[in-house]
Structures are given as structure tokens and as C-alpha cells.
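Data block below; observations after.
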Amino acid sequence: MCEGSMDELGKKIGKVPVIFKELEKTDPLMHEKILAFDHLVWDDGALTRQQKKIIAIAIAAALRDEHAVYAQIAGAKNLGVKKEEIDEGLRVAFLLAGMPAYVYGKTKLEEAYK
């Protein structure tokens, strides 16, 4: 994969993990398969890429995965997702995963949209 493709991936997902960048060199076949699956998951379908980002942020907040929350919010911002849309997604996380998930996600959202 060329560097431009990594840049494209970074815009799409927010931040490309270092391990994934290294995987391109250490295990090119695995890298290719993960990238193909990434396209399958994130490309527009019944849900838009933006809607999928909101879901991903809510899941990451429910899991309290700091790296994933920041990366998904960055990707959402790159796609033009509004702060208010993400906040609604975090309300769903609150309903299903409890107040800690909402507070965690909301804190990260406020930090990212300063």
C-alpha cells in the first residue's frame, strides 16, 4: 500500500495505529486482508460512514477505550459529523451501558471539540 493510501485511511478512521502501519511491512497479507475488511465495514451501505462513526464512538465510550474514542472522534470530525450528532449517540450508550459510558464519552468529546 502506498503512503497516500495510509493518509486516506487516516482521514477515514481518524488515526492509523502504529501497529497497523508496521503490519504493512511485517505481514503484508494480513495487512491487505484487514484493509479489505475495513473497506467492507466503513464504506457507505444501508448506514452512511458518518452514522457508522457515531455507532463506533458510542461503543468505544461504553468500553471506555480511550484510544478508540479519540480515533473515532477524529475520524468523525474529518467526515463532518457534528458534535451534536455524536452527543446523541453517546446518549444511546448511556441508556444501554450506564452513566459511566456517557460521562467518559462526553468528556472525550468536549476535549476533541475544544
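Derivation of every value follows stated rules applied to the coordinates shown; laboratory data play no part. From a predicted model like this one, the values you see are computed outputs, not experimental measurements. Cβ sites come from the backbone with ideal geometry, for glycine too, and all protein chains shown count toward neighbours.
List of remarks:
- Near Glu88: Cβ cut-off under 14 Å, other residues only, Lys/Arg at +1 and Asp/Glu at -1. The net charge is +2.
- Computed from label points 7 Å out along Cα-Cβ, the spacing between Ile55 and Val103 is 2.9 nm.
- For the chain, the relative contact order works out to 28 percent when only alpha carbon pairs closer than 8 Å and six or more residues apart are counted.
- Under the Karplus curve 6.51 cos²θ - 1.76 cosθ + 1.60, θ = phi - 60°, whole-Hz ³J(HN,Hα) for the stretch 107-113, x wherever Gly or Pro sits: 4, 5, 4, 4, 5, 6, 9
- Using a cut-off of 26 Å between Cα atoms, the listed pairs Lys21/Lys53; Lys52/Lys108; Lys33/Lys108; Lys52/Lys106; Lys33/Lys83 include Lys33/Lys108; Lys33/Lys83 as exceeding that distance.
- In the elastic network of the chain, a GNM with C-alpha springs shorter than 10 Å, the most mobile of Val41, Val81, Val18 is Val18.
- Placing +1 on each Lys and Arg Cβ and -1 on each Asp and Glu Cβ, with no other charges, gives the stretch 45-114 a dipole about its Cα centre of roughly 160 debye.
- Once the Cα-Cα distance is subtracted from the 0.36 nm per residue extended length, the Glu32 to Lys82 segment shows a gain of 14.9 nm.
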